[in-house]
Each structure stands twice: as structure tokens, then as C-alpha cells.
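Structure, as C-alpha cells:
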Amino acid sequence: MSEKRKRPLHWKHTKQKTVEPGISGLLFTCSGNEKQAVREVYNLIDAIADSSTGCDQTKQTRPSSTEHTCNNIPCAESDEDSANEDVADAIKRFCRNARESNSVVRHERRMRQRPTGVNNCLFFVLNAELADDVYSLADRIVAMALEKPCCRTLQRVIPVEVTCQVNMPVVNREICRLVAKHFVVNSDGKWPTYSVDYKTRNNSSMRRTDALKMVCEAVSQMAPLCRTDLDKPDIAVLFHVLHNTILLSCVKRFYQRRKMSLHKEQESPEATGNKTIPRYIDGEDNGDTNGCNRQSVGRTLERCNDNVGVDGEERQQTDTQ
């Protein structure tokens, strides 16, 4: 019996399961129905893009199409033809004129979704028109959602400035670049306070202490006058791990805006007269098995700062000797 003939594996294509490194975009969290959440994301981006740029292209193309049809077909002839032709001929003529004048404007893809490998987490890469500043786009999305409720399944939007693989030298280099860019003196001469928001999903290789230590060392080198503030920090360094990809960004007033929530804050039980409202409004915080409270984060940051300070004093003593 002859052996089985070997065949090339040209048809075997492995599906991408993680976000590729070196890109920026928006991370959305939802509560269950991801298909509905994707539609809500596209509606939000289209509404913001249309409000900012307007419908100039559609306004320009529509008069040109009408002028083209009016120039090619005189008014008297068009009236006579419309009286004699039937419905099928009218539809064919309309489709032909639409194709010739290009009156149908194709919808540009303002974003594209990338797989994350994590449930209830949607990552979108923006095009060149909207990718200039992801922070301002996220601020506009939050402002629009709070002004007029338009999100049913979406819970939060998180701007992502850069993505990288779980590689310590690469992550440390990107953190130093972000700290040097965002940790600058304010207009009143004060240095901003900071905190670290660490979350990991479907990953066990990255530890929280390593992430906090890298951020503290970068801040102590680039901006040594910045101090930690766990309640209302000026800048929150977001260190989120999705499967095998690390998402990094520095968001201002992150905790003041309820972690970029897209829903209004619910009223207190005294005002509503109902039972107590559950603390978590979405499944994001409950699903984070490796999450920690702010007190443990604060203790870890203080420990890292103390270690950095001791190392600096030892270096000064060795230099003097």
C-alpha cells in the first residue's frame, strides 16, 4: 500500500488571536452582546466624524449629479419620456444615471476591528484621519454618551497610545517614552500627580509588581518631582494586558471621569427611594481575577519609590567615596 501523498499546507491559515504590536486605537468594554456593541461603536464614530467634518462631500456630489442629469436630458424630453416609459425603464434609467455621475458615495472605513482574544473587549484601529489624537477622540465619545444616552451594551472606552508584546525591554522603553512625553510641568509650575491602573486578562506571565516597578523607575528618572495620588491623580498610567499584548497610555482625569464610563452616574438611594444600587455596573471589574484594590496599589508604589530612593542614595555614597 502506497504512502499518503504529501500536500502543501497552503490552505492552513491560523486565525489572529491578539492585537498586533506597534499600533494605537480605542479599547471598548461591553456587557455580553459583542455584535450589538460593535454596531454601537460604528454609530458613535460615524456621528463624531460627521459632526466634525460635516457632510461636505455628499453636498458637493449631489448638485453635480443633478446638473449632470439635467444637462444630458432636456426638461421637455424628460417629461415626454416619463409619460411614455414604464416603471422598469424608469428604474434602469435612474440606475444608469447614478452609475455615470457617481452620485452614490461609498462609505469610507474610518476604523477596523482587531481581535483581542478576550471576551467583552473590542479593539479598533482608526484611520489616518482620526488616529492623530486618540485621547481627544475618546473625550468626545465620553462627552457625547453622557450628554445623550446612546450606548446600551458599551460600558467604557479607553484610549490606547501604543501596543507592544510582553517583552520587558520593549515595555520599559515604551513606558519611558510615554513618561517623557506626558509628565511635564503644568502652566502653574506644578508637576502632575500620577497613579497606575493595572489590569490583566487571559494572561499569567505578567505580574503586577513588575509593571508598577517599571512605571515607578521611569517616573523617578524622567520626572522625579512627580508624586503618587490614588484618589484623584492628574495622570493615570494605564497598563492593560490582553492575552499576549500590552496596551499603554497616559490618560488625564481618569478616575474623575469614572474610568471613562459611557453611562451617567446613578442617583443615590436617598434620592431614588429604592434599594441600594450594585457597585459594579458591568462585568469588567468582576471578571478581572488578578485585579487589586487601590490600597494594595498604593503600598506597592510606595515600596517601589522607597527602593528607588535607597538605590539613589547608595549611588551618591559610592560616587563620593
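The values are calculated or read from the model by the stated rules, or taken from the named source; none is laboratory data. In this text the structure is predicted, and so the values were computed from the model without any measurement. Cβ sites come from the backbone with ideal geometry, for glycine too, and all protein chains shown count toward neighbours.
Filtered by the rule that a residue be out of contact with any helix residue (DSSP H, G or I) (no Cβ under 6 Å at 6 or more places or on another chain), at pLDDT below 80 and not in a loop (DSSP other than H, G, I, E, B), the range 97-135 gives ALA98, ARG99, GLU100.
Against the criterion of being over 16 Å from the mean Cα position of the chain (by Cα), within 10 Å of LEU262 (Cα to Cα) and surrounded by fewer than 16 Cβ atoms within 10 Å (Cβ to Cβ), ARG177 does not qualify.
Restricting attention to the range 145-160, which residues are at pLDDT 95 or above and not β-branched (Val, Ile, Thr)? Correct list: LEU154, GLN155, ARG156, PRO159. If you check ILE141, ILE48, ILE91, ILE73 for being at pLDDT below 90 and in contact with a helix residue (DSSP H, G or I) (Cβ under 6 Å, 6 or more places away or on another chain), only one passes: ILE48.
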